[in-house]
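One structure is given below, encoded as structure tokens.
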Amino acid sequence: MKSSLHAGYGDRHLDPRREPMHELISTILSQRTTWQDEAAAYDELCEIGDWDAIIAAPTDVVAHAIRRSNYPESKAPRIQETLRRIRDSPGGYNLEFLRDLPSKDALKWLTDLPGVGVKTASLVLLFNYAHPVFPVDTHVHRITTRVGAIPLMGEAAAHRALLKVLPEDPSFLYELHLNLLRHGQQVCTWSRPKCGACILRERCDAFALFGDRVPSFSETVKARGRAAKQPG
């Protein structure tokens, strides 16, 4: 799969796209949100001031600033509490200590923060500190499930399952993540995937089952579930 995606989308070099605190807060904002709205929400959040100013601001002011992100009323207090805990930790807003922690310990430290799940933590650790972890977002989960790389499971479980079958090579994992993301945005979409243009179709379980009429991802999941329950 990785070689096919590489041929289709090219090299992706492991270089941090933004500083760690930016990556962390933006990824919290990105949950169930387009990248355009994520960026707009982050920019307006920063208009409040620095991290200390965001902590001190009324929560409704923070929620209004991030209103372009979905569920701002839930994300605002979580972001403030996450910033508060980071500020009060030994390193403060400097997260460089995560570079030298074992990946398991670094994941635990991040996922103990409010609103930080395994996907967000993995993005920070892979993108900023080259830890051998694999972020599973909705695109990665959808494609790896459709092609049959993993059985039916949730995104958090998929993170663990994929790590068992992928090499512990940060550069490999980074390129695979970004190319799956691009493939999911452009070809293997949630509904009406463009199977005729898909470079993975010859190894895809969903294509084998439906041909070029692969339904929405939710319908694919239901169909695979029904097939798994049939005897023989």
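What follows draws every value from the coordinates through simple rules; no lab data is involved. If you're wondering where the values come from, they're calculated on a predicted model, not measured in any experiment. FYI the Cβ positions are ideal-geometry reconstructions off the backbone, even for glycines, and counts take in every protein chain you see.
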Inset, instruction - Figure the gain on full extension for A157 and S74 (residue separation times 0.36 nm, minus the Cα-Cα span) and round it to one decimal in nm. - result: 27.5 nm
Legend entry - Range of Cα positions in the chain per principal axis (Å), largest first: 59, 36, 35
Legend entry - Protection proxy ranking, peptides 62-70, 205-213, average beta carbon neighbours within 10 Å, highest first: 62-70, 205-213
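Rounded to two decimals, what is the ratio between the C-alpha radius of gyration of the range 113-204 and 2.2 N^0.38 Å?
Details: Rg = 13.1 Å, N = 92, 2.2 N^0.38 = 12.3 Å.
Output field value: 1.07.
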Inset, instruction - Using a 10 angstrom cutoff on alpha carbons, build the Gaussian network for the chain and name the most mobile of Y129, Y71, Y174. - result: Y71
Legend entry - For the range 165-217, alpha-carbon Rg and Dmax in angstrom: 12.5, 35
Inset, instruction - Can you find, among P193, P151, H141, the residue farthest towards the positive end of the dipole of the range 131-202? Put +1 on the C-beta of Lys and Arg, -1 on that of Asp and Glu. - result: P193
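Dipole of the chain, Cα-centred, from +1 at each Lys and Arg C-beta and -1 at each Asp and Glu C-beta, to the nearest 20 debye?
Values: 30 positive and 28 negative charges, 277 e Å.
Dipole of the chain, to the nearest 20 debye: 1340 debye.
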Legend entry - Spacing of the two label points (7 Å from each Cα toward its C-beta) at T189 and R18, in nm: 2.5
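The range 86-153: Rg/Rh from Cα coordinates, Kirkwood Rh? Kindly include the intermediate steps, with their values, before the conclusion.
Working: Rg = 13.9 Å, Rh = 13.1 Å.
Rg/Rh: 1.06.
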Legend entry - Simple spin-label estimate for V61 and K164 in nanometres, 7 Å along Cα-Cβ: 4.9
Inset, instruction - Return the distance in nm (one decimal) between the two label points of a simple spin-label model at S3 and D105, each offset 7 Å from Cα along Cα→Cβ. - result: 3.8
Inset, instruction - Would you please put 94-100, 10-16 in order of how densely packed they are, using the mean number of other Cβ atoms within 10 angstrom per residue and starting with the highest? - result: 94-100, 10-16
Legend entry - the range 78-147 versus the range 157-205: alpha-carbon centroid distance in Å: 20
